[in-house]
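Down below is the structure, laid out as structure tokens.
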2 protein chains.
Amino acid sequence: MTHNDVPDLVPTNDPEPTSEVLSLLRERRSVRAFSGEPVPQEDLTQILLATRQAPTSINAEGLSLVVLRDRDRIQAVADIAGGQPQVAGAEVVVVFVVDFYRTDLAARKHQREQVVHRSAEGILVGAVDAGIALATFQTAAHSLGYATTAIGGVRNDPAALIELLGLPAHTFPVVASTLGVADRQKTPQVKPRVPLESYAMEERYDAQAVEHGAQVYDELLRDWWDAQGMTQMGTWSQDTSSMYSRYYFPTVAATMEAQGFRFLDGPEDAAPERPAAQD
Amino acid sequence: MTHNDVPDLVPTNDPEPTSEVLSLLRERRSVRAFSGEPVPQEDLTQILLATRQAPTSINAEGLSLVVLRDRDRIQAVADIAGGQPQVAGAEVVVVFVVDFYRTDLAARKHQREQVVHRSAEGILVGAVDAGIALATFQTAAHSLGYATTAIGGVRNDPAALIELLGLPAHTFPVVASTLGVADRQKTPQVKPRVPLESYAMEERYDAQAVEHGAQVYDELLRDWWDAQGMTQMGTWSQDTSSMYSRYYFPTVAATMEAQGFRFLDGPEDAAPERPAAQD
């Protein structure tokens, strides 16, 4: 399918973006086909320097990046992610690694025993910080004209990725991003989103707005797929519920555990009182 | 302390940013003092529309925002975060909510049983997507001249925040951000980071580079605190290890469990084989 003849944005009633940065963010899309044009090292360095300035919780710097340019190693990541051609075709793949190895060095320096990697809090911190860095990386890349896609598929076989990257204990490769020059013949339009009032709610969660928005979105996204010529795709609710009714990456907890992580609120033998579960 | 007379950036050997967006990202800092000037609704809407375009895993739209402008409710969030004046003084506080309530509507529509909220994978997805949205929100805000700080402190008492926001089952408030106009008299310089080669490694994790970078960073950050007049602060390794040797937010797992979340790889009664833990 070719999209050079269609506009980037599907018309909506939303106000137009009021600055260039806002336009860049509003026109963001996941690009899965690359032209094969190179990414010069100077540009990559610029993108990485911008990414590094992203905030980390308590300024712990609990995150590291592994930057892959080697074709064979990028292919290996594509295989780990379940054979994704969108990964194999990228010039660069960056893996975002929750890094409590670095912070453990800090603990050892002061004769302390690090426990953050054994806490539910630590696992959330690591994943949130990885997401913050990934978005910063992608915005920096887009500002230089490059294209990206977030790759959650690295969690399909995280143990294999840990082996490939040589990751030590107390680290976990939580997400990745591709980087390359878009193949403009295969670049989709910007994907529609749920209505703003069902996404960003005022003062309190509004379950009715969420329900209404979900209904509207099923139709919006269906129309969008059809406009891209992807008539085989399901609706949002079909495709999302198909995936989310399965344990589709079934070694995440086990691999994190093998890396030393735990999902706890305190020392394991403390057996804290827990509120009754609703589910 | 006043910093109007000092440059935003501490001089380094890193190459200068090559575009305006890269400059914006490189000059990012957490601002904890606001002037009290208003944030017009049009600007907030622009920032939220940009945030909404951030990617979500499998396009599940598994994230929602709750936007607080009410002074009393912002004060309540500040109290929940442990009495943070940087929260109480913000014009707007946005809470980023992992939202598997919306995706559960999709499952019910197709007579499926959602399990993603019971998986370690789902918890990582939710937290990563929240981080992606938070960084997008902050970049959008900064591009309009506003200041922000990420607030992990909402996890200090997540049950109280769930109550305040009226969050349903299968949702969790994972992080927040302040938004306001910076008090330029109290705005710090941009914080230094670990050396790039110890943050973004080529092809493989480099434990030696991480160790060397951590040593360098202890001195870099110490000098920076002194330059801000904050001589009472510790080094990076002191402050990080002090926090990370404690279970400092001790109700995260219990509250997630009460909301219906689990950190599993499969159905609870399946008792999967797990690799031996390294820790």
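The values are calculated or read from the model by the stated rules, or taken from the named source; none is laboratory data. Quick caveat: nothing in here was measured; it's all calculated off a predicted structure. Because the Cβ atoms are built from the backbone with ideal geometry, glycine has one as well, and the counts that use them run over all protein chains shown. Keep in mind that these areas ignore ligands, DNA and RNA; they rest on the heavy atoms of the full protein, side chains included. Shrake-Rupley method; radii C 1.70, N 1.55, O 1.52, S 1.80 Å.
List of remarks:
- Phi-based couplings in Hz for region A:194-211 (Karplus 6.51, -1.76, 1.60; Gly and Pro marked x): 4, x, 4, 6, 9, 10, 10, 9, 8, 6, 9, 5, 10, 4, 5, 5, 5, 5
- Residue and whole-Å distance for the chain B Cβ lying nearest the axis of the B-onto-A rotation are B:Gly131, 1.
- Residue-averaged [θ]222 nm for chain A, counting only DSSP H segments that reach four residues, each worth -39500 (n - 2.57): -12000 deg cm²/dmol
- Each of A:Glu268 and B:Arg204 was given a label point 7 Å from its Cα along the Cα-to-Cβ line. The distance between the two points is 3.0 nm.
- Nearest-0.05 FRET efficiency for B:Ser35 and A:Val67, computed from C-beta distance (R0 25 Å): 0.05
- When chain B is treated as a GNM with alpha-carbon contacts under 10 Å, the residue of B:Ala88, B:Ala130, B:Ala200 showing the greatest mean-square fluctuation is B:Ala200.
- Backbone N atoms of region B:61-94 closer than 15 Å to the 7 Å Cα→Cβ label point of B:Gln232 belong to residues B:85.
- Taking the accessible area of the protein assembly as shown, probe 1.4 Å, and keeping the other protein chains in place, the carbon and sulfur fraction comes to 49%.
- Using a 7 Å Cα-to-Cβ projection, A:Glu197 label spacings across copies, nm, ascending: 5.7
- Using C-alpha pairs below 8 Å separated by at least 6 residues, the relative contact order for chain B is 26 percent.
- Counting 0.36 nm for each residue step from A:Arg246 to A:Glu42 and taking away their Cα separation leaves a gain of 69.2 nm.
- Computed from phi, the 3J(HN,Hα) profile of region B:136-144 under the Karplus parametrisation 6.51, -1.76, 1.60 (θ = phi - 60°) reads 5, 4, 5, 4, 4, 5, 4, 5, 9 Hz, with x in place of Gly and Pro.
- Separation of region B:204-228 from region B:1-64 is 24 Å, based on Cα centroids.
- Gaussian network model of chain B, springs between alpha carbon atoms under 10 Å - residue of B:Asp43, B:Asp206, B:Asp79 with greatest fluctuation: B:Asp206
- Debye log10 I(q)/I(0) at q = 0.16 Å⁻¹ for region B:191-244, Cα point scatterers: -0.51
- Kirkwood-based shape ratio for chain B, expressed as Rg/Rh from alpha carbons: 0.98
- Other-copy label distances relative to A:Val10, 7 angstrom Cα-Cβ extension, nm: 4.7
- Inter-copy label distances at B:Gln111 (7 Å, Cα→Cβ; nm, one decimal): 6.7
- Region B:113-222 shape via C-alpha gyration tensor axes, a/c threshold 1.5: oblate
- Gyration tensor verdict on the protein assembly as shown (Cα atoms; rounded if a/c is under 1.5, prolate if a/b is larger than b/c, oblate otherwise): rounded
- Sites excluded, GluC sites (Glu not before Pro) in DSSP loops with at most 13 other C-beta within 10 Å, longest stretch of chain A: A:114-272
- Shape class of region B:28-188 from the alpha-carbon gyration tensor: prolate, with a/c at 1.5 or above and a/b greater than b/c.
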